[in-house]
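Notes follow the structure.
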Amino acid sequence: MGAHILESNSSGNLTPAVSEAGTVLPGYLAVILSVLMVTLVVVVVAGNALVIMAFIVDKTLRNQSNYFFLNLAISDFLVGAFCIPAYIPYNLTGRWMLGKGLCKVWLVMDYLLCTASVFNIVLISYDRFLSVTRAVKYRAQRNMTRQAVLKMVAVWVLAFLLYGPAILFWETIVGESIVPAHECYAEFYFTWYFLLCASTFEFFTPFVSVAFFNLSIYLNIHRRNKSGGTCADDEPKVQRISKKHKDGGGWSVFFAISLCLQKKKKEKDSSFSSCSNTGGQM
């Protein structure tokens, strides 16, 4: 039993790189590779299915940020349920045996789902960025699911527009197909300028965006913690000052009471002495 190992392309999806001579592996390596791929399918499908079910069953999870995690789970679930299973026999045999029509469908789904996963990660990072840097406004809009749904739909539309029309209509525009009958890859696979532009929007721009959002979140939290530490250092001083004032006030009350008692004692003594003098004269 042989296996034809195909390299992944630069966009990160499962569409294989093209080579004239495939590398034939021994049968035991093909079995190991099959077991690993099936295990990957089970883990991806089961894990993301649990996330989707939790969102459906538990209504308390239905807030704006969790909608974006649901969107990511859906895209990853479909990758494990459709894209990887269709890729396993192609990877093991080196031949596409499902027809040209299903090849187009698989390519569209492959590029769409992988790109949507990347855009969902950017959307989640942006949502976390807003929750930290604009906390008051974010909390006010947290339960507004309409905006979350619109952002989710925008992710899928942008992901499709990036590769979908090129996969479907490239052959029609060029006038010929360069893909052999037994293989399945995009017609634009060797068009470097298209791949450069698409990779910029699919990889480099999301990478910079996620790095910026997470760095901003870190700096904002660090600034808050630093300000909180300064306030915590000042608090003991305030407590000591208030304690001194409190102690001083207590001593003031004590002296005032003492003076009042002494004054009353003098008044009693003077009245007693005047009565004594009057009795003596009588």
Looking at segment 118-130, can you tell me whether even one residue there is in a helix (DSSP H, G or I), acidic (Asp, Glu) and more than 30 Å from Arg223 (Cβ to Cβ)? no
What is the one condition in (1) part of a helix (DSSP H, G or I); (2) of a type outside the set (Asp, Glu); (3) touching a residue at least 24 places away in the same chain (Cβ under 8 Å) that Tyr185 does not satisfy? (1)
Does Leu161 satisfy the condition of being within 17 Å of Val118 (Cβ to Cβ) and exposed (fewer than 14 other Cβ atoms within 10 Å of the Cβ)? yes
Quick one: count up the residues across segment 206-224 that are hydroxyl-bearing (Ser, Thr, Tyr) and either farther than 10 Å from Phe129 by Cβ or at pLDDT 95 or above (or both). 2
Can you list residue pairs whose Cβ atoms sit under 6 Å apart, with the first residue in segment 56-67 being under 17 Å from Asn120 (Cα atoms) and touching a residue at least 12 places away in the same chain (Cβ under 8 Å) and the second being surrounded by 11 or more Cβ atoms within 10 Å (Cβ to Cβ) and of a type in the set (Phe, Trp, Tyr)? Count only pairs 6 or more apart in sequence or on different chains. none
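Answer with yes or no whether Ser125 is without any contact (Cβ under 8 Å) to a residue 60 or more places away in the chain and hydroxyl-bearing (Ser, Thr, Tyr). Before you say what the answer is, go through the steps one by one.
Working: without any contact (Cβ under 8 Å) to a residue 60 or more places away in the chain: no; hydroxyl-bearing (Ser, Thr, Tyr): yes.
Answer is no for this residue.
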Can you pull out every residue in segment 124-153 that is more than 17 Å from Leu61 (Cβ to Cβ), surrounded by 13 or more Cβ atoms within 10 Å (Cβ to Cβ) and of a type in the set (A, V, I, L, M, F, W, C)? Phe129, Leu130, Val132
I'd like the residue in segment 78-117 that is touching a helix residue (DSSP H, G or I) at 6+ places or on another chain (Cβ under 8 Å) and part of a loop (DSSP other than H, G, I, E, B) and, out of all such residues, is surrounded by the most Cβ atoms within 10 Å (Cβ to Cβ). Trp96
What number of residues within segment 132-153 satisfy the criterion of being of a type outside the set (Val, Ile, Thr), at pLDDT below 90 and part of a helix (DSSP H, G or I)? 8
Which number in (1) loosely packed, with under 11 Cβ neighbours inside 10 Å; (2) modelled with pLDDT of 70 or more marks the one condition that Lys244 misses? (2)
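The values are calculated or read from the model by the stated rules, or taken from the named source; none is laboratory data. Owing to the predicted nature of the structure, the values given are computational and were not obtained by experimental measurement. No Cβ is skipped: glycine too gets one built from the backbone with ideal geometry, and neighbour counts run over all protein chains shown.
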